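Trainee: Structure below; questions to follow.
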Amino acid sequence: MPVIKAGAFDLDYTDTGAGPAVVLVHSSASGQRQWRALIDSLQSRYRVIAVNLFGYGKTSSWPGTRPMSAADQAELVAAAVALASEPVALVGHSLGGAVALEAAAVLSDRVRVLVAFEPILFGHLKVHGPASAYDEIANLARRYGELAQAGDWNAAGAWFVDYWAGPGTWAAMPNERRQNTIAMLPAVVHEWDMATSGIRPLAGWRAITAPVHLIHAADTRAPTRAIVELLAKTYPDWHAHQVPSGGHMAPLARPDLVNPAIAAALDGG
């Protein structure tokens, strides 16, 4: 995979296909490889650039000298966008959805359409509620931080993965996949900070000039459902889409449902 500079940092990415450019931004503890099925379906008509965010693949780790913000991650995406001469489409899932929103707000007319699957803008729940949804995610983050601080990455992985993908998912993983996931878990510590305190205020998304498509799963977790509902209410001109199942991890668990919705938004946006 090629590596370019994004300011002082290395950015690792893949670049496949030909046509209008689409930049894919992954979720926590996944990396750009989560998009393999989507890349396969798009590359015949799009140039697909999939980035690795801080701490994934060969992209630099976040140095931790200060809390990480969505704007920091968006600078990586901006470097990928600069690879294309024409306006690009941005697609993000979870962590990547929050980063893609920030990138779209900063890059303005360099973005032609944005597709975000359940962006983890947890700071909006802290400010706007519902309190129960924020408390649920804050409890997840608190316990994850305790396990990470103790260096118990196996328990941290089980806590994190089973919350998002369902009880027993961690135990059912092949050992190699578990070890690969453990290697990505330290980055999640910084991502919690970003999602809760490193995002712009809710009204700040008015800076986005491109059409926005929000996608969520009918059976997702309460915090991510609440975020999508809040965004859709605040920005009624954005397009909201629902897939029937797959939960928060539907882009990986049910790509057969999610990828056609993403492709339709790209083709029509």
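Trainee: Does Val243 meet the test of being in contact with a Pro (Cβ under 8 Å, 6 or more places away or on another chain) and crowded, with 17+ Cβ neighbours inside 10 Å?
Mentor: no
Trainee: To continue, here is another question. Among the residues of the range 221-253, count how many are outside any helix (DSSP H, G or I) and under 20 Å from Ser132 (Cβ atoms).
Mentor: 1
Trainee: Is the range 50-61 home to any residue that is assigned to a strand (DSSP E or B) and either surrounded by fewer than 19 Cβ atoms within 10 Å (Cβ to Cβ) or at pLDDT 95 or above (or both)?
Mentor: Yes, because at least one residue in the range 50-61 is assigned to a strand (DSSP E or B) and either surrounded by fewer than 19 Cβ atoms within 10 Å (Cβ to Cβ) or at pLDDT 95 or above (or both).
Trainee: Which of (1) modelled with pLDDT of 95 or more; (2) open to solvent by 10 Å² or more (accessible area, probe 1.4 Å); (3) assigned to a loop (DSSP other than H, G, I, E, B) does Gly64 not meet, given it meets every other one?
Mentor: Checking Gly64 against (1) modelled with pLDDT of 95 or more; (2) open to solvent by 10 Å² or more (accessible area, probe 1.4 Å); (3) assigned to a loop (DSSP other than H, G, I, E, B), the one that fails is (1).
Trainee: Is there a residue being modelled with pLDDT of 95 or more, surrounded by fewer than 17 Cβ atoms within 10 Å (Cβ to Cβ), closer than 27 Å to Val189 by Cβ and not charged (D, E, K, R) anywhere in the range 91-107?
Mentor: no
Trainee: Continuing with the same structure: For the range 162-211, name all the residues that are under 28 Å from His124 (Cβ atoms), small (Gly, Ala, Ser) and either open to solvent by less than 50 Å² (accessible area, probe 1.4 Å) or touching a residue at least 60 places away in the same chain (Cβ under 8 Å) (or both).
Mentor: Ala165, Gly166, Ala187, Ala195, Ser197, Gly198, Gly204, Ala207, Ala210
For every residue, the table says whether it meets (1) at pLDDT below 95; (2) surrounded by 16 or more Cβ atoms within 10 Å (Cβ to Cβ); (3) in contact with a Leu (Cβ under 9 Å, 6 or more places away or on another chain).
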position: Val228; (1), (2), (3): no, yes, yes
position: Ala250; (1), (2), (3): no, yes, yes
position: Arg254; (1), (2), (3): no, yes, no
position: Val258; (1), (2), (3): no, yes, yes
position: Gly268; (1), (2), (3): yes, no, no
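The values are calculated or read from the model by the stated rules, or taken from the named source; none is laboratory data. Fair warning: this is a prediction, and the values are worked out from it, not measured in the lab. Note that we place each Cβ from the backbone using ideal geometry, even for glycine, and neighbour counts take in every protein chain shown. When the accessible area is computed, the model is the full protein with side chains, heavy atoms only, and any ligands, DNA or RNA have been set aside. Shrake-Rupley method; radii C 1.70, N 1.55, O 1.52, S 1.80 Å.
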